[in-house]
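Everything on this sheet refers to the single structure shown next.
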């Protein structure tokens, strides 16, 4: 069953088009990375999926219309965003009480176990915690919710690398299973490349690239070309080319691996490099 | 803490379904946690009132000997009967301030997205917030008034007994239960009467992008001014005034009679059950129009909370 299914999803703010007719399908049990520049429409898409904003077009999340059936949907969805901040006045014990009181799928004992691994104290108020600790708290709360869809919108913005690493480690080891779906947006693409099962690029309100990680690895190859073979590399039609320490690095789409191996060292490109290539080509085409 | 223990079926059924949750109860508790003035302001005022009244009663005790019995009882009772007024006034003031921030604060600090990530509907949230001025604060006022009055009555009893007199007439003079009925009735009348004000403030707090105080006050004042200038009438201004002072007029015989100048022997106090006039209050169109307006405001506030983005 598809966890998220959209056809012609559109959203405008006055004259600004935030989502320009998006079609997408996310199967259950996937971890989708939604990558795009600022203002590309990522957060708008997530808000539509969460039923926080009205939209045009057809959108089903877990079989429901998120805008009209938000109250039912929200039991099965959890959400962490850089902008969805925990209230600063609340105590850790209070937020645990509150979730246990209102959320039928919240397991308080589980949240307590996660928190026991951190230095977050029950009696602290959120305003007394560091940004990293607030994120740990939020993650502990969300992981204790037995949700079918978890939406993460820039969850690790402004955190140091240790906390970011821990964040994704616990998410994968302690939370994710094949019955859950995770959609994540982040600017730190490299850090989640190994975590994702699917990747999607979004720009100017459109999906400009979409692939599973298996397809991504099968299709794209990056070659550090020996200087004497640059002409041969260019003849094979690379989609992107950059220079590192005076050597050309070429990115190929669906090229023959044996031919590539003759040019130099072949490896799987990073999502970030493909992103730059796809976005760069797009901007070039637009001009 | 342990839902599973309370609902053993949960641990057996495949999905850990639907532990009995109480969103309304917890939403109200959340408001009380967040807005400490709901409990602290009336408590502090009650403590000050208690302290002042106790001093007055004790000072009185030193002059006791010279007073005759009736005067003595009356002067012990006086602070006792005044005590609830400042407590109630405080809770109404807190209610106004609270309503104006109730749906604005959570957008300003952007915690609204956190609250919206939880299965509590916009309607439950707005109704929980409306329950603060309509139910929680009045209950706090009544509870604190009762406690303060009981303590004062005990103190008065000790003072009177210290002078070798019987406290029984004091309890008769104080008419504790009759006072309680008048207090509950009067406060209830004010809560219903002020409901449209609470509704309006909450509507503004759900709508305003900044300066909710100005948005709450300026439009009514502007309408009054425009009406005055354009038509030379004061219909709207009179309506506002009636909304502020009407509860006393409509709920009590004395007040309405005094307003017509026809109340013989009225001394400005309400101390008799016969002065309660619930039939007149319930028959006042102003009450029902106000309640309808309040309901409309809360309904719009629910829709606004659903649609508005964080600031």
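Counting residues in the stretch A:206-228 that are under 30 Å from residue A:103 (Cα atoms), touching a residue at least 60 places away in the same chain (Cβ under 8 Å) and crowded, with 18+ Cβ neighbours inside 10 Å gives zero.
Evaluated against (1) in a helix (DSSP H, G or I); (2) facing another protein chain (nearest Cβ under 9 Å); (3) surrounded by fewer than 20 Cβ atoms within 10 Å (Cβ to Cβ), residue A:163 falls short on exactly one condition, (2). Of the conditions (1) in the same structural domain as residue A:43 (by TED's automatic domain parsing); (2) touching a strand residue (DSSP E or B) at 6+ places or on another chain (Cβ under 9 Å), residue A:178 fails just one. Which one is it? Result: residue A:178 passes all but (2). Filtered by the rule that a residue be crowded, with 19+ Cβ neighbours inside 10 Å and under 16 Å from residue B:87 (Cα atoms), the stretch B:145-172 gives B:145, B:148, B:149, B:152.
The single condition among (1) at pLDDT below 90; (2) in contact with a helix residue (DSSP H, G or I) (Cβ under 6 Å, 6 or more places away or on another chain); (3) part of a helix (DSSP H, G or I) that residue B:310 does not meet is (3).
Of everything in the stretch A:229-245 that is in contact (Cβ under 8 Å) with a residue 12 or more places away in the chain and assigned to a loop (DSSP other than H, G, I, E, B), the residue that is nearest to the chain's Cα centre (by Cα) is A:239. Filtered by the rule that a residue be out of contact with any helix residue (DSSP H, G or I) (no Cβ under 9 Å at 6 or more places or on another chain) and either on the phi > 0 side of the Ramachandran plot or not in a loop (DSSP other than H, G, I, E, B) (or both), the stretch A:86-115 gives a lone residue, A:93.
Only a single criterion out of (1) at negative phi; (2) surrounded by 13 or more Cβ atoms within 10 Å (Cβ to Cβ) is not satisfied by residue B:175, namely (1). One residue stands out among those in the stretch A:67-82 that are more than 7 Å from every other protein chain (Cβ to nearest Cβ) and assigned to a helix (DSSP H, G or I): the one that is farthest from residue A:48 (Cα to Cα), which is A:72.
Among the residues of the stretch B:107-132, just one is surrounded by fewer than 21 Cβ atoms within 10 Å (Cβ to Cβ), without any contact (Cβ under 8 Å) to a residue 24 or more places away in the chain and either away from chain A (no Cβ under 11 Å) or in a loop (DSSP other than H, G, I, E, B) (or both), namely B:109. Determine if the stretch A:83-104 includes at least one residue that is closer than 24 Å to residue A:200 by Cα and within 13 Å of chain B (Cβ to nearest Cβ). Yes - at least one qualifying residue is present in the stretch A:83-104. Can residue A:78 be described as within 20 Å of residue B:124 (Cβ to Cβ), in contact with a strand residue (DSSP E or B) (Cβ under 6 Å, 6 or more places away or on another chain) and either crowded, with 22+ Cβ neighbours inside 10 Å or in contact (Cβ under 8 Å) with a residue 40 or more places away in the chain (or both)? Considered against the rule, which asks whether it is within 20 Å of residue B:124 (Cβ to Cβ), in contact with a strand residue (DSSP E or B) (Cβ under 6 Å, 6 or more places away or on another chain) and either crowded, with 22+ Cβ neighbours inside 10 Å or in contact (Cβ under 8 Å) with a residue 40 or more places away in the chain (or both), residue A:78 comes out as yes. None of A:46, A:34, A:59 is modelled with pLDDT of 90 or more, in contact with a helix residue (DSSP H, G or I) (Cβ under 8 Å, 6 or more places away or on another chain), within 15 Å of residue A:150 (Cβ to Cβ) and not in a loop (DSSP other than H, G, I, E, B) except A:34. Please verify whether the stretch B:67-84 includes one or more residues that are touching a helix residue (DSSP H, G or I) at 6+ places or on another chain (Cβ under 6 Å) and without any contact (Cβ under 8 Å) to a residue 40 or more places away in the chain. Checked against the condition, which is being touching a helix residue (DSSP H, G or I) at 6+ places or on another chain (Cβ under 6 Å) and without any contact (Cβ under 8 Å) to a residue 40 or more places away in the chain, the stretch B:67-84 yields at least one hit. In summary, helices (runs of 4 or more DSSP H) completely within the stretch B:183-265 and bearing 2 or more residues that are modelled with pLDDT under 90 and surrounded by fewer than 15 Cβ atoms within 10 Å (Cβ to Cβ) occur at B:235-251, B:253-260. Among the criteria (1) within 14 Å of chain A (Cβ to nearest Cβ); (2) over 24 Å from the mean Cα position of the chain (by Cα), the one residue B:168 does not fulfil is (1).
A single entry from A:251, A:260, A:196 fulfils the requirement of being buried (at least 17 other Cβ atoms within 10 Å of the Cβ), in contact with a strand residue (DSSP E or B) (Cβ under 7 Å, 6 or more places away or on another chain) and assigned to a strand (DSSP E or B): A:251. Please verify whether residue A:118 is within 14 Å of chain B (Cβ to nearest Cβ), surrounded by fewer than 23 Cβ atoms within 10 Å (Cβ to Cβ) and not in a helix (DSSP H, G or I), treating the condition exactly as stated. So residue A:118 does not fit the description; no.
Test each condition in (1) within 14 Å of another protein chain (Cβ to nearest Cβ); (2) at pLDDT 90 or above; (3) in a strand (DSSP E or B) for residue A:18 and report the one that comes out false. Condition not satisfied by residue A:18: (2).
Out of the stretch A:125-148, which residues are away from chain B (no Cβ under 13 Å) and surrounded by fewer than 16 Cβ atoms within 10 Å (Cβ to Cβ)? Passing the criteria: A:128, A:130, A:131.
If you go through the stretch B:83-94 and keep only what is part of a helix (DSSP H, G or I) and surrounded by 15 or more Cβ atoms within 10 Å (Cβ to Cβ), you end up with B:84, B:86, B:87, B:88, B:90, B:91, B:92, B:93, B:94. Kindly evaluate residue A:157 against the criterion of being more than 10 Å from every other protein chain (Cβ to nearest Cβ), in a loop (DSSP other than H, G, I, E, B) and within 20 Å of the chain's Cα centre (by Cα). Answer is yes for this residue.
The values are calculated or read from the model by the stated rules, or taken from the named source; none is laboratory data. Just so it is clear, the structure is predicted and the values come from calculations on it, not from any experiment. Note: ideal-geometry Cβ built from the backbone for every residue, glycine included; neighbour counts use all protein chains shown.
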